[in-house]
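Accompanying notes for the structure given below.
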Amino acid sequence: MKLTIRGAKKNDMPRVLELIQELAYFEKESDAVEVSVTDLEQDGFGENPAFYCFVAEIDNTIEGIALIYNRYSTWKGKILHLEDLIVSKAKRGLGIGSALLDKVVQFADNLGVKRINWEVLDWNEPAIAFYEKKGAKVMRDWDVVQLSEQGIKDYIAKL
C-alpha cells in the first residue's frame, strides 16, 4: 500500500464530495449535504479560496480528506478549523486518518496558528479516542451553536 498525502486539486472534488456524502451517511445525516461539486470547485479554487483540502491517496485512489480553513479567536488570534477529517469506510484502520491529521498539524504549525479547532459527535467514541490519543482536548462542556440558512432569513425578518 502506497499512501500519499497531497493538496487537493479541482478535479479531485467529485471524489471529495463522495467522501463527504459517505460521512453524512455515517453521521445519520444523509439528506443534509447540499454542497455540490461545482460549489467545492468554486469555493476552494477561486481567487479567494474559502478552504484548503488535503487528500489521502492509496494507489492513485482518494481514500481520505482533511478540509480546513482559517479562523480567528478573540482570545488566541489566528487559528485553523478542521471542518472534516474523513477516511473511506473500506480503508479505516490503515493509518490514513493519522497521516491526514499529521499533515494538518504540520500545516497549522507552518502557518503559526495558536490552535486547531474541530468538532466530533458525542457518540463517535472511536473518533474521540483517536483525537485524545493524539493529544487533543475534547471539550465536552461546550455546545455547538448554528444558524441555518433558513434561521438567518428568519432572524433578518425579525429585525
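For the stretch 10-51, a residue qualifies if it is open to solvent by 50 Å² or more (accessible area, probe 1.4 Å) and touching a Phe, Trp or Tyr at 6+ places or on another chain (Cβ under 8 Å), and the qualifying residues are Lys10, Asp43, Ala50. Filtered by the rule that a residue be closer than 22 Å to Asn117 by Cβ, open to solvent by less than 100 Å² (accessible area, probe 1.4 Å) and of a type in the set (Asp, Glu), the stretch 140-156 gives no residues. The number of residues in the stretch 3-30 being touching an Asp or Glu at 6+ places or on another chain (Cβ under 6 Å) and farther than 24 Å from Asp102 by Cβ comes to 1.
Does at least one position in the stretch 65-75 carry a residue that is modelled with pLDDT of 95 or more, assigned to a helix (DSSP H, G or I) and open to solvent by less than 20 Å² (accessible area, probe 1.4 Å)? No, every residue in the stretch 65-75 fails to be modelled with pLDDT of 95 or more, assigned to a helix (DSSP H, G or I) and open to solvent by less than 20 Å² (accessible area, probe 1.4 Å).
Just a yes or no: is a residue in the stretch 77-95 in contact with a Leu (Cβ under 8 Å, 6 or more places away or on another chain), among the hydroxyl-bearing types (Ser, Thr, Tyr) and open to solvent by less than 60 Å² (accessible area, probe 1.4 Å)? Within the stretch 77-95 (the criterion being in contact with a Leu (Cβ under 8 Å, 6 or more places away or on another chain), among the hydroxyl-bearing types (Ser, Thr, Tyr) and open to solvent by less than 60 Å² (accessible area, probe 1.4 Å)), the answer is yes, since at least one residue qualifies.
Of all residue pairs spaced 6 or more apart or on separate chains, those with beta-carbon atoms under 8 Å, a first member in the stretch 27-55 that is assigned to a helix (DSSP H, G or I) and a second member that is of a type in the set (Ser, Thr, Tyr) are Gly44/Tyr52. Checking each residue in the stretch 94-120 for being in a helix (DSSP H, G or I) and among the polar types (S, T, N, Q) picks out Ser98, Gln106, Asn110. Assuming Ile86 fulfils every condition listed in (1) in contact (Cβ under 8 Å) with a residue 24 or more places away in the chain; (2) in contact with a Lys or Arg (Cβ under 7 Å, 6 or more places away or on another chain); (3) part of a strand (DSSP E or B) apart from one, which condition is it? Condition not satisfied by Ile86: (2).
The values are calculated or read from the model by the stated rules, or taken from the named source; none is laboratory data. None of these values were measured; they are calculated from a predicted model. Counting neighbours? That spans all protein chains shown, and the Cβs are built from the backbone with ideal geometry, glycine included. Protein only, heavy atoms only, side chains kept; ligands, DNA and RNA dropped before computing areas. Shrake-Rupley method; radii C 1.70, N 1.55, O 1.52, S 1.80 Å.
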